[in-house]
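Taking it in order: structure first as structure tokens, then the write-up.
The values are calculated or read from the model by the stated rules, or taken from the named source; none is laboratory data. Source: prediction; values computed, not measured. So basically every Cβ, Gly included, is an ideal-geometry build from the backbone, and we count neighbours across all protein chains shown. These accessible areas exclude ligands, DNA and RNA; they are computed on the full protein's heavy atoms, side chains included. Shrake-Rupley method; radii C 1.70, N 1.55, O 1.52, S 1.80 Å.
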Amino acid sequence: MRSTDLMYKLEASSKPNENRMSSNEFFELVNSHLWKDLHDELIFPDKRPLLAHYTSMQTFEKIITAEEIWFSNPLFMNDLEELKFGMNEGRDELLKNDRIRTACKTEKSHDKFLSDFDYLYREFESKHALNTYILCFSEHDANDNDGLLSMWRGYGNGGSGAALVIDTAKLNPDEGSPLIIGKVHYGSKKERLAWINSKISDLAELIEKHATSDEHLWNAAWIWFQRLKSFALFSKHSGFSEEREWRVVYDSETDKKGKFKPYFSHLATDRGIEPKLKLPIKPIDSNEAIDVVLVDLIDRIILGPSISSVLGSLALQQMLKNIGKETLAERVIASEIPFRSTAR
């Protein structure tokens, strides 16, 4: 897995001269500026938190038995602004930004820059948006054997489910992987729009000072699109901040060899068909990208507070032994939150 601290590289297509930046120099300059806010914070793999995935008991049983985790498409998730807010607002703010127009110096260059961005946006929208998948976790304190009540209510079947606590220290970072792990950042609509416009202002300044060719404009559009996509995938409204969310994101644009394509699937629900990525978490001969075993990742399994009892714990442990997961049976813990759901 790789970090959200993405550093994209291009080969230089022209040699630097005395007065102008080469394509590669301009690319590196813009890239470093637009990603600086992530460079300045401690992120994966430098930060290796415990992460809890809250789910129903039925889904938990499927995950453990099949050693398979289902990623969801962000367009079908609970937060109605998932992905759409960042992408749409970022595009709209760019189109109407006078600072960008001035920075491009001529109407022709401005049109070229916007056309390049629009091409990237449409390519993502038509070819990759439905095959972008995320798996959600909550940052988990090492001494917490109870879990968060809000997470049990929202994602753990009203407290009747389980939480899989994953130790990210057991993950092997891979810069070539299309799986990206990162922390979600929260903000109000106003704050997130301010972030977008601040980045556009930074981009405009760099274009104004250093862009001297169509290739420079293409690079600027490409970097801004990638930064905006990451922002859209790893940001949410501040109303969700108590979830302390981290995500694993599958980015189909970077899966050049299509290693994960065999695991593209779907789920029929009352809301219609939802795209899914059903990813085995175990080494597979035909897929070099999967090099980790689910059992090795699991630090503990927390039984939800609505069903936590001696009998419930023993039944869960017996189920794990029945399917050959004896080591996991030893990691079962019952939440002691005094909560009994009335929704059962």
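Tell me which label goes with the value of Cα extents along the principal axes in Å computed from the coordinates here: [x] 113, 53, 33; [y] 80, 50, 45; [z] 75, 44, 39. Here the calculated entry is [z].
Averaging sequence separations of C-alpha pairs under 8 Å and six or more residues apart, then dividing by the length of the chain, give the relative contact order as a whole percent.
Working: 556 pairs, mean separation 95.6, N = 344.
Averaging sequence separation for qualifying contacts and normalising by length gives 28 percent for the chain.
Between rounded, prolate and oblate, where does region 155-213 land on the alpha carbon gyration tensor, with a ≥ b ≥ c its root eigenvalues, rounded for a/c under 1.5, else prolate if a/b exceeds b/c? Taking the square roots of the gyration eigenvalues as a ≥ b ≥ c, region 155-213 is oblate.
Using bins of 10 Å that start at zero, the share of Cα-Cα pairs per bin across region 98-217 amounts to 10, 23, 27, 22, 12, 6, 0, in whole %.
Once you compute Rg and the Kirkwood Rh from C-alpha atoms, what is the Rg to Rh ratio for region 163-289? Before the final figure, lay out the partial values.
Values: Rg = 18.6 Å, Rh = 18.0 Å.
Ratio value, two decimals: 1.03.
The C-alpha atoms of the chain define a longest principal axis, and helix 107-127 lies at about 20 degrees to it. Say R0 is 56 Å: what FRET efficiency, to the nearest 0.05, do residue 267 and residue 215 get from their beta-carbon distance? Using R0 = 56 Å, I get an efficiency of 0.85.
Assign unit charges at the C-beta atoms only (+1 for Lys and Arg, -1 for Asp and Glu), then state the dipole size of the chain relative to its Cα centre in Debye, rounded to the nearest 20.
Working: 45 positive and 54 negative charges, 127 e Å.
That gives a dipole near 600 debye.
Residue order by solvent-accessible surface for 44, 240 is 240, 44, largest first, with ligands and nucleic acids left out and a 1.4 Å probe. Taking amide hydrogens as placed 1.01 Å from N in the peptide plane, the amide H of residue 299 sits under 5 Å from those of 165, 166, 167, each at least 5 positions away in sequence or on another chain.
Using Cα atoms only, what is the angle between the long axis of helix 23-34 and the major principal axis of the chain, expressed in degrees (0 to 90) to the nearest 10? Helix 23-34 and the main axis of the chain meet at about 50 degrees.
Shape analysis of region 229-281 yields a ratio of the Cα radius of gyration to the Kirkwood radius, Rg/Rh, of 1.04. Heavy-atom surface analysis with a 1.4 Å probe gives region 175-283 a carbon and sulfur content of 52 percent of its accessible area.
Relative contact order, percent, of region 163-322 when contacts are C-alpha pairs under 8 Å separated by at least 6 residues? If you can, show how the numbers build up before the last one.
On the way: 133 pairs, mean separation 56.7, N = 160.
Relative contact order for region 163-322 comes out at 35 percent.
For region 93-245, the relative contact order is 45 percent, taking Cα pairs closer than 8 Å that sit 6 or more residues apart in sequence and dividing their mean separation by the residue count.
With protein chains left intact and a 1.4 Å probe, residues in the chain average 48 Å² of accessible area per residue.
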